[in-house]
Ligand code: PLP
């Protein structure tokens, strides 16, 4: 007999009752504690914070909810998700975990780091508004502001945000956001977030910090007065060169709602599989970033002592001009509680080192073209050591004048120190640096491609 269309879609009441009774009759099992103690260590928080077993099956990992839509019980009655451009249970699980990591409400996750930044700018800025931005900042952020937002009437001033007075001076009556990146990509220039936050708070302007390089494990801008943190989860948070993604955290509930609305309107949400991989990567973030930092310090010290290396930029070196700020600012690191006896005294400075090779561009290119273990590629913050030429890769769209003013020279090399043995990374750099004299005498000029055009560098 065919079911008439107006028959109820639910199972019969009697079946529901039997089923529920059967479940209640099961012997009680130990239930995972949902709440972590307030003083849980950062490793515990990264693994357990904001996470709970899947409510349907008890699966310890939130499954990949690979679905566009969600059946509704009746018009206007649903279980919290309606369409995966608005929200998705796997993405929500990542947002809960990231919220726990930074002691905020659930974060908002995006398809890429740049999608997070775009959504933030469009949620906070409109035609006629002005934003103050760090002059050293990820190249894609510069391109977004110059190419997309400026023609829409949103003006940006690229300011040396390591200079608190310069930030104060750049703020106008139209400024609706101060956006800083620290340590900055690629020169690692730092921003005194506490000092800038005092100014922005007084003026009622939100302060956003791109905290991609240090993550909440090593630096906690919201605890120093910033209002918003932004992440490319593509980097350390996922950490395995497997996904692109982004997230935003804030304690401002109204802004969170607005970000979710803008994400739905722009279509910039993260995909569930990427969220699932990021949930997995996040568990080892503290463990990884401590090791990245230790190896980076070793590599930085090695490069500093090498006669063919002319400049090394690493906030953990006492010679770094803002080393004191790095020490002071990173006191917001949460100590690992486990077996690390020296956890309270060891400060971590992240896994990125930048350097220049004596002899200029040709010498730098020789190193980048001759590494074998280190991989010449874009991206940073993942298990593999990556070596990058910012001028032809990540910062090719930053105007030359801005690059020259801010120290993003044609010979600058960015090294994302991975999790291979530090001695192997150093041995690889050593053999590449050994090639410098031979190669530069035979190669008089080097062709570097910038934005698809071949450009001759003397
Ligand atoms: N912020 C920083 C500091 C970055 O280095 C990057 C990318 O390199 C981004 C944002 C953009 O992130 P994504 O590549 O995930 O869009």
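The values are calculated or read from the model by the stated rules, or taken from the named source; none is laboratory data. Since this is a predicted model, take the numbers as computed values, not measurements. Methodologically, a virtual Cβ is constructed for each residue, glycine included, from the backbone with ideal geometry; neighbour enumeration extends over all protein chains shown.
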Checklist entry - List the pairs whose first member sits in region 40-63 and is on the phi > 0 side of the Ramachandran plot, whose second member is at pLDDT 90 or above, and whose Cβ atoms are under 7 Å apart, counting only residues at least 6 apart or on separate chains? => result 50/96; 50/97; 50/99; 50/100
Checklist entry - If you go through region 161-185, how many residues are under 22 Å from residue 232 (Cα atoms) and either at pLDDT below 95 or assigned to a loop (DSSP other than H, G, I, E, B) (or both)? => result 6
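Test residue 154 against the stated conditions and say whether it is over 18 Å from the mean Cα position of the chain (by Cα) and at pLDDT 95 or above.
It is true that residue 154 is over 18 Å from the mean Cα position of the chain (by Cα) and at pLDDT 95 or above.
Could we say that residue 212 is touching a strand residue (DSSP E or B) at 6+ places or on another chain (Cβ under 7 Å), crowded, with 18+ Cβ neighbours inside 10 Å and over 22 Å from residue 352 (Cβ atoms) here? Walk me through how you get there before you give the answer.
Values: touching a strand residue (DSSP E or B) at 6+ places or on another chain (Cβ under 7 Å): yes; crowded, with 18+ Cβ neighbours inside 10 Å: yes; over 22 Å from residue 352 (Cβ atoms): no.
No: the conditions fail for residue 212.
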Checklist outcome for this item: Considering residues that are over 18 Å from the mean Cα position of the chain (by Cα) and either at pLDDT below 95 or outside any helix (DSSP H, G or I) (or both), the number found within region 125-149 is 9
Checklist entry - Within region 406-439, can you find the residues that are in contact with a strand residue (DSSP E or B) (Cβ under 9 Å, 6 or more places away or on another chain) and surrounded by fewer than 19 Cβ atoms within 10 Å (Cβ to Cβ)? => result 407, 409
Checklist entry - Looking at (1) touching a strand residue (DSSP E or B) at 6+ places or on another chain (Cβ under 8 Å); (2) within 15 Å of residue 382 (Cα to Cα); (3) away from the ligand (no atom under 16 Å from the Cβ), which is the one condition that is false for residue 280? => result (1)
Checklist entry - Out of the residues in region 383-414 that are closer than 16 Å to residue 240 by Cα and in contact with a helix residue (DSSP H, G or I) (Cβ under 9 Å, 6 or more places away or on another chain), which is nearest to the ligand (Cβ to nearest atom)? => result 387
Next on the checklist: Being within 15 Å of the ligand (Cβ to nearest atom), farther than 20 Å from residue 268 by Cα and surrounded by 15 or more Cβ atoms within 10 Å (Cβ to Cβ) is the requirement here; does residue 142 meet it?
Outcome noted: no
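Results for (1) within 25 Å of residue 280 (Cβ to Cβ); (2) within 16 Å of the ligand (Cβ to nearest atom); (3) surrounded by 23 or more Cβ atoms within 10 Å (Cβ to Cβ), shown as yes or no for each residue.
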{"residue": "70", "(1), (2), (3)": "yes, no, no"}
{"residue": "81", "(1), (2), (3)": "yes, no, no"}
{"residue": "92", "(1), (2), (3)": "yes, no, no"}
{"residue": "96", "(1), (2), (3)": "yes, no, no"}
{"residue": "116", "(1), (2), (3)": "yes, yes, yes"}
{"residue": "124", "(1), (2), (3)": "no, no, no"}
{"residue": "129", "(1), (2), (3)": "no, no, no"}
